[in-house]
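Heads up: the structure comes next, in structure tokens.
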Amino acid sequence: MFKKISLFFIVTVGFSSIYAQQNIPFRITKYNNIIVKTLVNKKDSLDLMFQIAMKDASISPERQRKADHIVFNKDGISEKNTVQIGKFTLNNVRFFDHELTGHEADGKIGTAMFSGKPFKIDYDNNQFVIYDKQPDLEGYQPIILLYDHEQFYIAGDSVIDDQQEEAYFLLQSGYSGGLLYSNEFADAKGLDKKLKITGEKTLKNSSGKSVVTKQGVLPHFKLGNTVLKDVSAGFFAGDLKTQTVNYFGADILRRFNWIFDAERKTVYIKPSKYFSEPYYKIN
């Protein structure tokens, strides 16, 4: 009898260790941003936008809800906060003050909640999944991941005039659109002349210098073995050009489910239910 109980216990523990996970619910706004409902320091109920391009958290000066129990020092930093999201509690969270965020959010929260573990952005079921061990990857394709300064980069091929142009893109869940090219890439590849332009907006600073944002359509974008067609793609023109990296924005992020390995060397992707949805229009 003891042997049977022991065997059952071992099998049960083994099964639990393989499939142990925590689910964190989220909602997606019409701007493609991910919002998580949080309780900070057991007092402040805040809607925070998930920002994959940062590790810590921040509070917006334009927030709609009070954050009276986050105490900032003279440098605008607050250490050792707790953040509860559903049944999940994250300790020792660092908040920065006065950082702008997306629509419908009081601030931002980054990837610290996934530290050291594989995690999934599950757009099909509106949830994050944190795993104790690498999950089943059937149906997913691997993409090499570059993890630099707590930010994720992946390589993708932009098809321009029937030429594949490879470049690295920063995963940027705070940008509602599709692709946003760096000034260097846009100028070198002549995007202003080679893409079909669908929108343009001009702003001027106090010195009269202009910032021109243009939206176009990229015929094909290749990520691993997957090809997306007629992708929304933006870039800057005008006197002021400050975009130093390429963005892989929220409108393309939502078209896949993502599983990041614990070492942050590989991400595994599979088309989500949003894969064939119309692209978000910036202008």
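The values are calculated or read from the model by the stated rules, or taken from the named source; none is laboratory data. Values in this document were obtained by computation on a predicted structure and should not be read as measured data. Cβ: placed from backbone, ideal geometry, glycine included. Neighbour counts: every protein chain shown. For the accessible areas, the whole protein counts, side chains as well, though only heavy atoms, and no ligand, DNA or RNA atoms are used. Shrake-Rupley method; radii C 1.70, N 1.55, O 1.52, S 1.80 Å.
If you fit an axis through the alpha-carbon atoms of helix 2-19 and take the longest principal axis of the Cα set of the chain, what angle between them do you get, 0 to 90°, nearest 10? The angle comes out at about 10 degrees. Legend: Rg and Dmax of the range 196-263, from Cα coordinates, 15.7, 48 Å. Among Arg255, Arg65, the sequence by solvent-accessible area, most first, with a 1.4 Å probe is Arg65, Arg255.
Over the range 21-108, what portion of Cα pair distances is larger than 21 Å, expressed as a whole percent? Roughly 22 percent, rounded to a whole number.
Coupling constants for the range 134-150 follow from the phi torsions by the Karplus curve (6.51 cos²θ - 1.76 cosθ + 1.60, θ = phi - 60°), and in residue order they are 4, x, 5, 10, 4, x, 9, 10, x, 10, 5, 10, 9, 10, 9, 6, 6 Hz; glycine and proline get x. Given the pairs Lys117/Lys222; Lys201/Lys229; Lys87/Lys265; Lys120/Lys189; Lys108/Lys270; Lys87/Lys214, which span a C-alpha to C-alpha distance of over 31 angstrom in this model? From Lys117/Lys222; Lys201/Lys229; Lys87/Lys265; Lys120/Lys189; Lys108/Lys270; Lys87/Lys214, over 31 Å: Lys120/Lys189; Lys87/Lys214. For the chain, the dipole from Cβ point charges (+1 on Lys and Arg, -1 on Asp and Glu) about the Cα centre works out to 760 debye, to the nearest 20. The tail of the calculated P(r) for the chain, taken as Cα-Cα distances beyond 27 Å, holds 46 percent of the pairs. Choose one answer from Gly224, Gly234, Gly190: the residue with the largest mean-square fluctuation in a GNM of the chain with alpha-carbon springs under 10 Å. With Cα springs under 10 Å in the chain, the top fluctuation among Gly224, Gly234, Gly190 is at Gly190. Along its principal axes, the range 59-176 has C-alpha extents of 54, 36, 26 angstrom, given from the largest down.
Amide H contacts of Gly234 (H built 1.01 Å from N, in plane; Pro and chain starts excluded): Leu179, Leu180, Tyr181, Gly216 sit under 5 Å, all sequence-distant by 5 or more or on other chains. Surface analysis of the chain yields an accessible area of 53 Å² per residue, using protein heavy atoms and a 1.4 Å probe.
Bridgeable aspartates and glutamates around Lys66 (alpha carbons under 16 Å apart, same-chain partners fewer than 8 residues away excluded): Asp44, Asp47, Asp97, Glu99, Glu104, Asp106. For the range 240-248, the Karplus equation 6.51 cos²θ - 1.76 cosθ + 1.60, evaluated at θ = phi - 60°, returns couplings of 9, 10, 10, 7, 9, 10, 7, 9, 10 Hz by residue, with Gly and Pro reported as x.
Surface composition of the range 118-173: carbon plus sulfur atoms contribute 40% of the solvent-accessible area (1.4 Å probe, protein chains only, all chains present).
Packing, as the average of other Cβ atoms within 10 Å across residues, places the peptides 136-142, 124-130 in the order 124-130, 136-142, highest first.
Accessible-area rank, largest first, for Glu79, Glu150, Glu165, Glu263: Glu263, Glu79, Glu150, Glu165, with all protein chains present and a 1.4 angstrom probe.
Phi angles across the range 111-120 convert, under the Karplus curve 6.51 cos²θ - 1.76 cosθ + 1.60 with θ = phi - 60°, into 3J(HN,Hα) values of 8, 4, 5, 10, 3, x, 10, x, 9, 10 Hz, Gly and Pro given as x.
Per the Kirkwood formula applied to alpha carbons, the range 139-222 shows a radius of gyration over Rh ratio, Rg over Rh, of 1.01.
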